[in-house]
Amino acid sequence: MQPESNIEKIVERIFLTHRITRADQRIFMMTLLSKDSLTSKEQILIDRVFEALRQGLLRVVD
């Protein structure tokens, strides 16, 4: 079993609290824009977060 990535931990916290911080958003954007490749699981998790944001299911906090 692979250890949980930082992205997975952040996503888990976001969905537990229904809140995403601006810092979380920046981490996701930097990760998506970086040359480093995401695993397919990490990509799916980030997509779920952005979809939940779009649907108004998460609250953005500072």
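The values are calculated or read from the model by the stated rules, or taken from the named source; none is laboratory data. Everything numeric in this text was worked out from a predicted model, so none of it was measured. Neighbour counts are summed over all protein chains in view; Cβ atoms, including those assigned to glycine, are modelled from backbone coordinates with ideal geometry. We work out accessible area using only protein heavy atoms, side chains counted, and drop any ligands, DNA or RNA first. Shrake-Rupley method; radii C 1.70, N 1.55, O 1.52, S 1.80 Å.
Can you tell which of 5, 37 is open to solvent by 60 Å² or more (accessible area, probe 1.4 Å), among the polar types (S, T, N, Q) and without any contact (Cβ under 8 Å) to a residue 40 or more places away in the chain? Full working, then the answer.
Details: 5 fails: open to solvent by 60 Å² or more (accessible area, probe 1.4 Å).
Step by step, each of 5, 37 is checked, and only 37 is open to solvent by 60 Å² or more (accessible area, probe 1.4 Å), among the polar types (S, T, N, Q) and without any contact (Cβ under 8 Å) to a residue 40 or more places away in the chain.
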Fill in: The one condition in (1) modelled with pLDDT of 90 or more; (2) under 10 Å from the mean Cα position of the chain (by Cα); (3) not in a strand (DSSP E or B) that residue 29 fails to fulfil
(1)
